[in-house]
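The values are calculated or read from the model by the stated rules, or taken from the named source; none is laboratory data. Owing to the predicted nature of the structure, the values given are computational and were not obtained by experimental measurement. Cβ sites come from the backbone with ideal geometry, for glycine too, and all protein chains shown count toward neighbours. Keep in mind that these areas ignore ligands, DNA and RNA; they rest on the heavy atoms of the full protein, side chains included. Shrake-Rupley method; radii C 1.70, N 1.55, O 1.52, S 1.80 Å.
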Amino acid sequence: MTLTTSTYKVLQKNAIAPDFNLPGIDGKNYSLKHFSNKKALLVVFMCNHCSYVIPKVSKLISLQRQYASRGLQIIGINANDSKKFPEDSFDQMKVFAKDKGINFVYLFDEAQEVPKKFGAVCTPDPFLFNAKLELQYHGRIDDAHGKSHEEAKTNELEEAILQVVETGKNNVAALPSMGCDIKWK
């Protein structure tokens, strides 16, 4: 495992979300058009085995539950090389989602194209967009890297979500997320 922090070389604030067409664990394919009615779209690059993702899954589930009625949709994207890391295979994504009770869309990017378009390098790596698909926040979930949200002293991602669903804009300072590097082919 290599500890990696978010980079800001590709998407800058207000950049438009790059489109994708990826299979979900529910058997459907998804692109940005499927979420055109949402006030906030949170794309989180994640995987099944990362010791930095696992403690945050319950927070992501909570955020989806709490803010869905206000217009939030969370999308998890796993782009890890599943040949080298079979625990991140599409079939294992289904098992992981069921075991954890994931209530948001979970997609698989076997070609590893989408994280490159976004500039994602670690897991978790959250990108929050408004209804116009303009990037409003790219940063950490909280200050408890590798620990559950209950141990955090900050709540940057939720604060940003609240601002975006209410106003379409965000002024929460974005500090880099930190986690395992995406497992490239």
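Values as computed for the structure displayed
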read-out	value
Test: residue in segment 63-76 that is open to solvent by less than 80 Å² (accessible area, probe 1.4 Å), in contact with a Phe, Trp or Tyr (Cβ under 6 Å, 6 or more places away or on another chain) and among the polar types (S, T, N, Q)	yes
Residue match in segment 139-147 (condition: within 14 Å of the chain's Cα centre (by Cα) and not in a loop (DSSP other than H, G, I, E, B))	no
Hits in segment 143-154 (condition: over 26 Å from Q112 (Cα atoms) and surrounded by 17 or more Cβ atoms within 10 Å (Cβ to Cβ))	A144, H149, A152
Boolean, V44 is within 23 Å of F129 (Cβ to Cβ), in contact with a Lys or Arg (Cβ under 7 Å, 6 or more places away or on another chain) and at pLDDT 95 or above	no
Residue in segment 163-180 that is surrounded by 15 or more Cβ atoms within 10 Å (Cβ to Cβ) and out of contact with any strand residue (DSSP E or B) (no Cβ under 7 Å at 6 or more places or on another chain) present	yes
Among the residues listed as F85, F90, F129, the single one being within 13 Å of the chain's Cα centre (by Cα) and modelled with pLDDT of 95 or more	F129
Test: K38 is open to solvent by less than 80 Å² (accessible area, probe 1.4 Å) and among the basic types (K, R)	yes
Qualifying positions in segment 16-45 - in contact with a helix residue (DSSP H, G or I) (Cβ under 6 Å, 6 or more places away or on another chain) and free of Cβ contacts under 8 Å to residues at least 24 places away in the same chain	D19
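Residues checked against (1) among the hydrophobic types (A, V, I, L, M, F, W, C); (2) open to solvent by less than 20 Å² (accessible area, probe 1.4 Å):
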position	(1), (2)
N78	no, yes
Q92	no, no
K100	no, no
L107	yes, yes
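Yes/no matrix, rows are residues, columns are (1) crowded, with 19+ Cβ neighbours inside 10 Å; (2) free of Cβ contacts under 8 Å to residues at least 40 places away in the same chain:
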| residue | (1), (2) |
| --- | --- |
| K84 | no, no |
| N103 | no, no |
| D125 | yes, no |
| E134 | no, no |
| E159 | no, yes |
| I182 | yes, no |
